[in-house]
Amino acid sequence: MDILLDVIRLLKPRATLFGGGFDAFGEWGLSFRQRDDLLFCWVEQGECRLVRPHHAPLLIEKGDFVLIRTSTPFTLTSGGLVEPVDSETAVSSSKQRRLHLGSGEGRPVSLHAGKFIVETANENLLAGLLPQLIHIVASDPTQGRLRSLLNMNESEARKPRPAGDFVIGRLVELIFVEIMRSHHSSASTENKGLLAGLADKVTEPALAAMHRDVVRSWTVAELAKLSGVSRSTFATRFRKVVGTGPIEYLLSWRIALAKQELLAGMKSVSEIAFEIGFQSSSAFSSAFTREVGAPPSHFARGQIFADEDDPHSLPGRRTSVNRN
């Protein structure tokens, strides 16, 4: 069972670009608000600094790629003492596809940026997948596959051709998957979550078992036996690495699967309940309501109505609405 594939199928990540990127000269700054979005950027020319509260400035050079969750605001800047321009205001007020910042001709910088859009119903899965910021240095020899994708991406952006945005979007999606794969194999327990759990020899067998047989009524003792440690050692280790208890994790994964099925609208609540391991539809409804804040039937109707009624909703993004 490929757990990352399971998660990717639920998230359905899609990349959107922020216009044609931006060019900057001299002293400049571009600030990004706290939105809890998953943004990315790569430097085509020059260098800049990424500044976050309570962190040292990060130097980003030509060919570097950055993936960042905006759980806190951040700023891309030349490094000088200049008031940054708000990115949303700059993009909305610009009449050109490519944004221009700063003044003069010194220290030219060219960047491309965008964000990943995931299935809203399960976007909370992202919090347990990746750290807040991932910086991939152009000179890193261990990132050969990722570097190839980034080179293809840069070539496509540098010489626009028909359907260029579509090609770049798909390439960036592949970059996202490759980042997840590389962090799966190198994840550190300094970052709690699924990727850290998959990289840990104690928690990985249990995670694999739960994903392989989600219907089974797993106990902590059974999972500990699979991992080759005592029950108490396993429970402590799982919570430390993954960030939640093993049974709580199983429940959250079942709920994530249920959301996907409810959105598809092809199965009844009782069918979904039994397929993900609940003994009755009432037990499933109670657990779902407790975790999500709405009964399964209301959740499904709310998602569908939101898509039908809002002509401005983004494709693939659904938002529950109150019909009362």
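Could you check segment 1-12 and list, in sequence order, the residues that are in a helix (DSSP H, G or I), within 11 Å of the chain's Cα centre (by Cα) and either surrounded by fewer than 19 Cβ atoms within 10 Å (Cβ to Cβ) or of a type in the set (V, I, T) (or both)?
V7, I8
Residue check, E173 against (1) assigned to a helix (DSSP H, G or I); (2) modelled with pLDDT under 90; (3) open to solvent by 70 Å² or more (accessible area, probe 1.4 Å), all met but one. Which one?
Unmet condition: (3).
Among F18, F40, F65, F32, which is the only one that is open to solvent by 10 Å² or more (accessible area, probe 1.4 Å), within 21 Å of the chain's Cα centre (by Cα), touching a residue at least 40 places away in the same chain (Cβ under 8 Å) and closer than 14 Å to V172 by Cβ?
F18
Scan segment 239-297 residue by residue and report those that are at pLDDT 95 or above and acidic (D, E).
Within segment 239-297, E248, E271, E275 meet the criteria.
Name every residue in segment 42-72 that is under 23 Å from S155 (Cα atoms) and in a loop (DSSP other than H, G, I, E, B), in order of residue number.
Once the filter is applied, which keeps residues that are under 23 Å from S155 (Cα atoms) and in a loop (DSSP other than H, G, I, E, B), segment 42-72 yields G46, K62, G63, D64.
Are any residues in segment 13-29 out of contact with any helix residue (DSSP H, G or I) (no Cβ under 9 Å at 6 or more places or on another chain) and part of a loop (DSSP other than H, G, I, E, B), and if so, which ones?
Once the filter is applied, which keeps residues that are out of contact with any helix residue (DSSP H, G or I) (no Cβ under 9 Å at 6 or more places or on another chain) and part of a loop (DSSP other than H, G, I, E, B), segment 13-29 yields G26, E27, W28.
Give just the number: which of (1) buried (at least 17 other Cβ atoms within 10 Å of the Cβ); (2) part of a helix (DSSP H, G or I); (3) hydroxyl-bearing (S, T, Y) does S92 not satisfy?
Going through the list (1) buried (at least 17 other Cβ atoms within 10 Å of the Cβ); (2) part of a helix (DSSP H, G or I); (3) hydroxyl-bearing (S, T, Y), S92 breaks only (1).
Residue pairs, Cβ under 6 Å, 6 or more apart or interchain, first in segment 252-277 and at positive phi, second of a type in the set (V, I, T) and open to solvent by 40 Å² or more (accessible area, probe 1.4 Å). List them.
Hits for this filter: G277/V215.
The values are calculated or read from the model by the stated rules, or taken from the named source; none is laboratory data. None of these values were measured; they are calculated from a predicted model. Every residue, glycine as well, gets a Cβ built from its backbone with ideal geometry; the counts of neighbours run over all protein chains shown. Just so you know, the surface numbers come from the protein's heavy atoms only, side chains and all, with ligands and any DNA or RNA stripped out. Shrake-Rupley method; radii C 1.70, N 1.55, O 1.52, S 1.80 Å.
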